[in-house]
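These notes are about the structure you will find just below.
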Amino acid sequence: MSALHSLGHMGVLSFNGNKIITTSGGGALLSDDEDFIQKARFLATQTRDPAPHYQHSQVGYNYRMSNVLAAIGLCMPSGSGMSDEELERVVGIVCESVSR
């Protein structure tokens, strides 16, 4: 099995409402490229520059998942109807794929 992001420069997970594990919206970006991740974080946090005042040198976005939605996502597998063994197997596969 390949890591989730090993087939290209990045991997994208969707947690939209029509997914098995959902937070009602949001997702995750996976990559081994630290420069790419830092640029994505910069864009996703409204491109706020490291200045003592609120300054933006580029157009940015507010695409961060809230802590509440992340907590909902962490609780989703327990409400999936899977047995403990099935859940443990799926969590193991996901963790193994993400950690590569």
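Remarks
- Close Cβ contacts (under 8 Å, 6 or more residues apart or on different chains) running from residues in the range 20-35 that are under 12 Å from Leu69 (Cβ atoms) to residues that are of a type in the set (Asp, Glu) are absent.
- Residue in the range 13-61 that is modelled with the highest pLDDT, counting only those that are in a loop (DSSP other than H, G, I, E, B), among the β-branched types (Val, Ile, Thr) and within 29 Å of Cys75 (Cα to Cα): Thr23
- The lone criterion from (1) outside any helix (DSSP H, G or I); (2) modelled with pLDDT under 75; (3) surrounded by 10 or more Cβ atoms within 10 Å (Cβ to Cβ) left unmet by Glu96 is number (1).
The values are calculated or read from the model by the stated rules, or taken from the named source; none is laboratory data. Please read these numbers as outputs of a predicted model, since none were measured by experiment. Cβ: placed from backbone, ideal geometry, glycine included. Neighbour counts: every protein chain shown.
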